[in-house]
1. How high is the relative contact order of the chain, in percent, counting Cα pairs under 8 Å that sit 6 or more residues apart?
2. Order these by the 10 Å Cβ neighbour count, fewest first: 321, 262.
3. What is the helix-to-structure angle for 105-117, meaning the angle in degrees between its Cα long axis and the longest Cα principal axis of the chain, kept from 0 to 90 and rounded to the nearest 10?
4. For helix 237-249, report the angle its Cα long axis makes with the longest principal axis of the Cα atoms of the chain; keep it between 0 and 90° and round to the nearest 10°.
5. In degrees, nearest 10, range 0 to 90: what is the angle between the Cα axis of helix 26-40 and the longest Cα principal axis of the chain?
6. From Cα pairs below 8 angstrom and at least 6 apart in sequence, can you work out the relative contact order of region 17-118, rounded to a whole percent?
7. Would you mind checking the radius of gyration and Dmax of region 17-118 based on alpha-carbon positions, in Å?
8. For region 178-307, what class follows from the C-alpha gyration tensor (a ≥ b ≥ c being the square roots of its eigenvalues): rounded when a/c is under 1.5, otherwise prolate if a/b is larger than b/c, else oblate?
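Readers should treat all values here as calculations from the given coordinates under stated rules, not as data from a laboratory. The shown structure was predicted, so the numbers you read here are calculated from the model rather than taken from an experiment. Using ideal geometry, Cβ is built from the backbone for each residue, glycine included, and neighbour counts are taken over all protein chains shown.
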């Protein structure tokens, strides 16, 4: 007998979200660990909210939703709210019931900005690394550092002379503009869309873009990101941020090694690492100059291992740009982008956990 294609309405709902999510789904492990980390941050959340007044969106739900956005490459917070309406898996992960209303996108954004001001993303990453199941997977001696270009949410047409001397574009919302023969630099020009973005190119022959620099420090055992920070671009930003991350994560109490590419092979960076009780396993840059890394370092067997392992520092960048939404985030300003970058790196750590935890179980 042929089944009917007619749909009848339901007076009551008997959907149990726990039953709808498979028992072996990777998000089960991730959600359990995220909830345990958020419980440790309860005191930090208490400081952000007044004791009286209208209840806001729970910060725990905010963070779960933002992690979900990175896991599933959801382009914007408006699209995230739309998908929370009908996706039962997403509702289960965030903590919404089947009949719970989804937030207005602008309300969600305003509540997110409260977490941004308190640097909750960085605190979440620190608590995640301190979790007993995660801590057992980390190396405490060998690390790598690197930076990547993060495109700003601003057009080159918005990069105009600070003194207003630019030739006006032709009529229209997206009028033509001829840049040939025009000299433009960060000293004389600024973006009207995102004034904190700077014109920058990562290497020779590359296209200059309005950008920021996202920096990470990873441990060499399983490639977890242990420090993350996004800053405005400059010629020395990667080395300076690397120094700050090393000091923040390992303030000289124990000798560690730090691997890095040729861009970190400078006398001042190597000297600072040695002062911080760090052995700099930096790739030698012998192009037209003498390397700051001597033979005593390169002859050690650990140097070759660090050079091999340091290439894994590119993996969080690749995941963040292809999956996590960092290819061109729809945010403006250092603070918002730093929050997004740091939380995306925490999401990268989380997606590695189900496989690694099963392997050691």
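1. On the way: 485 pairs, mean separation 74.1, N = 361.
After rounding, I find 21 percent.
2. Details: 321 19, 262 14.
Starting with the residue having the fewest Cβ neighbours, the order is 262, 321.
3. So the inclination is approximately 40 degrees.
4. So the helix axis and the longest Cα principal axis differ by about 70 degrees.
5. 80 degrees
6. Working: 59 pairs, mean separation 35.4, N = 102.
Once normalised by length, the contact order is 35 percent.
7. Over region 17-118's Cα set, Rg and Dmax evaluate to 13.8, 41 Å.
8. Cα axes put region 178-307 in the prolate bin.
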